[in-house]
Amino acid sequence: MNKYAFKIAIFDMDGVITQTARVHTASWKKAFDEFLQKRAEQTSESFQEFTVKDYLEYVDGKPRLKGIQSFLSSRGITLPPGNREDPPEAETVWGIGTKKNSMFRVLLAEQGVDVYEHTVKLIRHFRENGIKTAVVSS
């Protein structure tokens, strides 16, 4: 018998079950720093690296494309949106997003991520008590 007022619990993978913030931050840094370094070499602008503060202020918690546009806007940079098929080297919003995703997969394979054990215990507890569970991730 279910002792809870709900029958189903849905959990987000990133940040709820797995500790991925470190890998996301590092992936964004690599993607943006490569873009900014290349841009500095092509223009008279100086290279200003992407920082953790930039990640927290402009990217974290936003949909990927909005985060990219937000960060670029903070640096006075406008890029064409491009499209989903843009390769990582494309100088478009989608291109930067593709590069970040590629780097995220590499870092994930190399470093892995830790899990929040308390969340795993809660999921097990719910399942043992008849609560159906699901995990989602964007």
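In table form, for the structure just shown:
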{"item": "Only one of Arg64, Arg39 that is touching a helix residue (DSSP H, G or I) at 6+ places or on another chain (Cβ under 7 Å) and open to solvent by 30 Å² or more (accessible area, probe 1.4 Å)", "result": "Arg64"}
{"item": "Filter result for the condition that a residue is exposed (fewer than 14 other Cβ atoms within 10 Å of the Cβ) and touching a strand residue (DSSP E or B) at 6+ places or on another chain (Cβ under 8 Å), over Ile17, Ile10", "result": "Ile10"}
{"item": "The listed residue being part of a loop (DSSP other than H, G, I, E, B) and either among the β-branched types (Val, Ile, Thr) or closer than 29 Å to Thr133 by Cα (or both), out of Phe104, Phe47, Phe6", "result": "Phe6"}
{"item": "Filtered residues of the stretch 77-114 (kept if at positive phi and at pLDDT below 95)", "result": "Gly112"}
{"item": "Residue count for the stretch 45-60, restricted to those that are under 22 Å from Gln19 (Cα atoms) and open to solvent by 80 Å² or more (accessible area, probe 1.4 Å)", "result": "4"}
{"item": "Unique residue being under 16 Å from the mean Cα position of the chain (by Cα) and either closer than 30 Å to Asn129 by Cβ or among the basic types (Lys, Arg) (or both) when the list is Asp54, Asp14, Asp60, Asp33", "result": "Asp14"}
{"item": "Given (1) surrounded by fewer than 15 Cβ atoms within 10 Å (Cβ to Cβ); (2) free of Cβ contacts under 8 Å to residues at least 40 places away in the same chain; (3) among the hydrophobic types (A, V, I, L, M, F, W, C), number of the condition Val120 does not satisfy", "result": "(2)"}
{"item": "Matching residues in the stretch 123-137 - criterion: being closer than 16 Å to Val16 by Cβ, in a strand (DSSP E or B) and open to solvent by 70 Å² or more (accessible area, probe 1.4 Å)", "result": "Val135, Val136"}
{"item": "Answer from Asn83, Asn101 - the residue that is over 18 Å from Phe47 (Cβ atoms), open to solvent by less than 60 Å² (accessible area, probe 1.4 Å) and not aromatic (Phe, Trp, Tyr)", "result": "Asn101"}
{"item": "Test: residue in the stretch 70-77 that is β-branched (Val, Ile, Thr) and surrounded by fewer than 17 Cβ atoms within 10 Å (Cβ to Cβ)", "result": "yes"}
{"item": "Count of residues meeting criterion [closer than 19 Å to Asp33 by Cα and part of a loop (DSSP other than H, G, I, E, B)] in the stretch 82-101", "result": "7"}
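The values are calculated or read from the model by the stated rules, or taken from the named source; none is laboratory data. Keep in mind that this is a model prediction, so the values were computed, not measured. Because the Cβ atoms are built from the backbone with ideal geometry, glycine has one as well, and the counts that use them run over all protein chains shown. The accessibility values were calculated without ligands, DNA or RNA, using every heavy atom of the protein model including side chains. Shrake-Rupley method; radii C 1.70, N 1.55, O 1.52, S 1.80 Å.
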